[in-house]
Amino acid sequence: MPLYEHVFISRQDLSNTQAEGLVEHFSTVLSDNGGSVVESEYWGVKTMAYKINKNRKGHYAFLKTDAPAPAVQEMERLMRLHDDVMRVLTIRVDEHGESPSVQMQKRDERSERRERR
């Protein structure tokens, strides 16, 4: 089955448990349609570059999935209909990385950047 990565942003006025509950809800939607969630990460509340629906911040969540295309389409459809979800991004990838995403790595574990002058 194809591999996908999903990032979605939910409203800032949700609690952490409600935001993590959204991850569980969409994971069950995916598994009910024949897919599986390989890994999920809750990135927390982050400030956005611009306002979306009068919100300056949002709860970010990341899912790595292994699912057929119809299951992903159904999950995206339900995400777009859900009142608490503001944005959705889905990308098809060739393989999932073994390490945690860049958002979850500590700053000193990331690869070194060149120094600014």
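If I ask for residues that are among the polar types (S, T, N, Q) and either in contact with a helix residue (DSSP H, G or I) (Cβ under 7 Å, 6 or more places away or on another chain) or touching a residue at least 12 places away in the same chain (Cβ under 8 Å) (or both), which ones from segment 1-22 would you list?
Here is the first cut: in segment 1-22, the ones among the polar types (S, T, N, Q) are 10, 12, 15-18.
Matches in segment 1-22: 10, 12, 16, 18.
Out of all the residues in segment 23-66, which are of a type in the set (Ser, Thr, Tyr) and either under 15 Å from residue 13 (Cα atoms) or without any contact (Cβ under 8 Å) to a residue 12 or more places away in the chain (or both)? Quick ask: steps written out before the conclusion?
So the first thing to find is which residues in segment 23-66 are of a type in the set (Ser, Thr, Tyr), and the list is 27-28, 31, 36, 40, 42, 47, 50, 60, 65.
Result: 28, 31, 47, 50, 60.
Quick check on residue 37: is it assigned to a strand (DSSP E or B), in contact with a helix residue (DSSP H, G or I) (Cβ under 6 Å, 6 or more places away or on another chain), surrounded by 14 or more Cβ atoms within 10 Å (Cβ to Cβ) and at pLDDT 90 or above?
In short, yes.
Among the numbered criteria (1) modelled with pLDDT under 90; (2) not in a helix (DSSP H, G or I), which one does residue 56 miss?
Answer for residue 56: the failing condition is (1).
Kindly evaluate residue 71 against the criterion of being surrounded by 12 or more Cβ atoms within 10 Å (Cβ to Cβ), among the small types (Gly, Ala, Ser) and part of a strand (DSSP E or B). Lay out the reasoning, then the answer.
On the way: surrounded by 12 or more Cβ atoms within 10 Å (Cβ to Cβ): yes; among the small types (Gly, Ala, Ser): yes; part of a strand (DSSP E or B): no.
For residue 71, the condition - surrounded by 12 or more Cβ atoms within 10 Å (Cβ to Cβ), among the small types (Gly, Ala, Ser) and part of a strand (DSSP E or B) - is not met.
For segment 75-90, name all the residues that are in a strand (DSSP E or B) and surrounded by 15 or more Cβ atoms within 10 Å (Cβ to Cβ).
Taking segment 75-90 and keeping what is in a strand (DSSP E or B), we get 85-90.
Passing the criteria: 85, 86, 87, 88, 90.
Rundown of residues vs (1) buried (at least 18 other Cβ atoms within 10 Å of the Cβ); (2) under 13 Å from the mean Cα position of the chain (by Cα), yes/no style:
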site: 3; (1), (2): no, no
site: 10; (1), (2): yes, yes
site: 17; (1), (2): no, no
site: 24; (1), (2): no, yes
site: 27; (1), (2): no, yes
site: 30; (1), (2): yes, no
site: 41; (1), (2): no, yes
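The values are calculated or read from the model by the stated rules, or taken from the named source; none is laboratory data. Only a predicted model underlies this, so the values are computations on that prediction, with no experimental measurement involved. Here the Cβ is made from the backbone with ideal geometry for all residues, glycine too, and neighbour counts use every protein chain on show.
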